[in-house]
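Trainee: Here it is: the structure, laid out below.
The values are calculated or read from the model by the stated rules, or taken from the named source; none is laboratory data. Bear in mind that the values here come from a model prediction, so they are computed numbers and not experimental data. Quick reminder, even Gly has a Cβ in these numbers, built from the backbone with ideal geometry, and neighbours come from all protein chains shown. With ligands, DNA and RNA removed, areas are computed over all heavy atoms of the protein, side chains included. Shrake-Rupley method; radii C 1.70, N 1.55, O 1.52, S 1.80 Å.
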Amino acid sequence: MGSDSRDRMIRAAVELFRERGYAGTSFGDVIERSGAPRGSIYHHFPGGKVQLAEEALRWYAQRSTEALSRLTGGFPADEAVALFLDASQDALRRSEFGQGCPVAGVALDLAPSDTTLATASTETFTAWQSVLAAAFTRDGAAPSRAARAATLVVAAVEGGLLLARAARSTNPLDDVRSELAGYVRAVLGHPA
């Protein structure tokens with residue numbers, strides 16, 4: 001039962017970070033969303049909100065990186081990027097533009113001294129970049145170009161999500177998709 005409460009709190013924190021960011025999410029919000037017993041939060045997360053956020057980011061990072069790895073393992077890199085954008089766009093639509101990326105929701109709220117959450121955020125973005133860079137390299141890009149391209153793709157998708165959420169429209173992500181398609185083909189040495 002304790003593990004179930006803990007897992008529910010982690011999942012609830014991810015959802016809330018997607019909606020409200022780190023600063024806008026309280027322990028009370030996590031308890032309410034998860035339905036976990038009030039006294040259990042400090043039992044499971046004695047390090048407080050930072051520990052909860054760190055574990056929520058690592059939970060999300062593992063699942064999202066595995067999903068991206070499945071895409072890049074099952075499709076050519078340019079198609080995997082398009083599918084990555086599709087998944088991001090679908091999630092945004094399903095939430096009626098109410099949920100963005102939980103990693104961005106935490107990273108945008110970081111205090112300069114918060115190295116724990118900065119590290120967890122960076123590790124997630126780096127994991128995504130590594131998966132994409134490996135796919136780009138596998139499909140013909142030089143390793144240094146593949147790494148830079150992966151950084152650009154992650155930055156474009158994250159920025160596109162932010163713009164789309166603010167506009168309450170997927171048009172910014174459509175623009176990102178169009179521009180990335182030609183860019184990724186060029187990185188892979190394919191004709192435009």
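Trainee: Name the single residue that is surrounded by the most Cβ atoms within 10 Å (Cβ to Cβ) among those in the stretch 157-173 being of a type in the set (D, E, K, R) and touching a helix residue (DSSP H, G or I) at 6+ places or on another chain (Cβ under 8 Å).
Mentor: Residue satisfying both the conditions and the ranking: Arg165.
So that you can scan it fast, the table gives a plain yes or no per residue for (1) at pLDDT below 95; (2) open to solvent by 20 Å² or more (accessible area, probe 1.4 Å); (3) closer than 20 Å to Arg18 by Cβ:
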position: Thr122; (1), (2), (3): no, yes, yes
position: Ser130; (1), (2), (3): no, yes, no
position: Ala135; (1), (2), (3): no, no, no
position: Ser144; (1), (2), (3): no, yes, no
position: Thr151; (1), (2), (3): no, yes, no
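Trainee: Report yes if Ala107 is closer than 22 Å to Arg6 by Cβ and either among the charged types (D, E, K, R) or under 14 Å from the mean Cα position of the chain (by Cα) (or both), otherwise no.
Mentor: No.
Trainee: Also: Among helices (runs of 4 or more DSSP H) lying entirely in the stretch 81-172, which contain 1 or more residues that are without any contact (Cβ under 8 Å) to a residue 12 or more places away in the chain?
Mentor: Correct list: 115-138, 143-167.
Trainee: Can you work out which of the residues in the stretch 26-48 that are in contact (Cβ under 8 Å) with a residue 24 or more places away in the chain and buried (at least 17 other Cβ atoms within 10 Å of the Cβ) is farthest from Leu162 (Cα to Cα)?
Mentor: Out of the qualifying residues, it is Ser40.
Trainee: Also: Filter the stretch 95-114 down to residues that are modelled with pLDDT under 95 and more than 17 Å from Thr25 (Cα to Cα), then give me how many there are.
Mentor: Looking only at that region, the number is 2.
Trainee: Out of Arg18, Arg94, I need the residue that is closer than 27 Å to Ser169 by Cβ and in contact with a Pro (Cβ under 9 Å, 6 or more places away or on another chain). Which one?
Mentor: Within the list Arg18, Arg94, the selection yields Arg18.
Trainee: Pairs under 9 Å by beta carbon, first residue charged (D, E, K, R) in the stretch 49-64, partner crowded, with 18+ Cβ neighbours inside 10 Å and not in a helix (DSSP H, G or I), six or more apart or different chains?
Mentor: Lys49/Tyr22; Lys49/Thr25; Glu55/Phe45
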